[in-house]
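To start, the structure itself, in structure tokens.
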Amino acid sequence: MQIVRGKKLEKAPEGEFQQLVEESSRVVVDVGTGDARASYRIAKENPSWLVVGVDPAWQRMTQTSIRSRRKPAKGGVPNLLLVNASIENAPPELLGAADELLVLMPWGKLLHGLVRGDEDIWRGLRSVAKPNAPLTATVGTSIWREPVPRDIQGLPELTHPYVDEELAGKALACGWEVTGFQLTKAEEAAAVSSSWARRLDSASTEVIATLTAVAAGPGEEAGAAEQEQ
Ligand SMILES: C[S@@+](CC[C@H](N)C(=O)[O-])C[C@H]1O[C@@H](n2cnc3c(N)ncnc32)[C@H](O)[C@@H]1O
């Protein structure tokens, strides 16, 4: 798989990811990590975890990569890995690797697929999850307030009825059991500590939608093994 090393994109050396996994107590995959600052913070606060930031816009991760490669005393975080990939085409190394998934303040295909229940995005998320892995996804609901950005027009709003009646069924068909949905004022949303959420004004009236789910059924690898038998 392609990983961000400083300002460069490199092919991960054979076996490196597996070794990092074996040395860690938990693997957290932050999908659509953007500038990867949230991943960096989680990795720094939890040195025994391996935090994997995944994003196809790899140039945005370079500053955090440079910082994470310093000596630990100078802010280095050896347990952070930044991967150039979109979740619907996750690299083989990541399949079935995640103990936990995060999707914080997504945009573009990730946002649309998450909200509409698109199979490629939800199956992509499932492909990297271990069975029973929890998923937390956050979306700022101001995108549905006037003036609605052009690329959001027509995108269903995340509301309780929409999640219960439309999205939960689509997620389940892709191997995710929706376990909760909350609308919370930004400053109260504990799960939201991403760069985008922190850019919100402290007096912001932004309401954050937080969706939680758990990976149901066998993972991608188990499914493939069953088919071979
Ligand atoms: C608004 S940024 C949020 C970044 C970060 N999670 C945060 O909260 O600061 C959304 C990110 O989602 C990424 N993204 C869009 N589609 C994606 C996909 N299919 N797979 C993975 N990441 C995707 C974009 O490249 C972008 O960097």
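The values are calculated or read from the model by the stated rules, or taken from the named source; none is laboratory data. These numbers come from a predicted model, not from an experiment. Ideal geometry is used to build each Cβ from the backbone, glycine not excepted, and the neighbour counts take in all protein chains shown.
Observations on the model:
- Residue count, region 149-185 (criterion: modelled with pLDDT of 95 or more and among the charged types (D, E, K, R)): 6
- Members of region 21-33 that are under 21 Å from PRO134 (Cβ atoms) and not in a strand (DSSP E or B): VAL21, SER24, SER25, GLY32, THR33
- From ILE87, ILE66, residue being aliphatic (A, V, I, L, M), at pLDDT 95 or above and over 22 Å from ARG26 (Cβ atoms): ILE66
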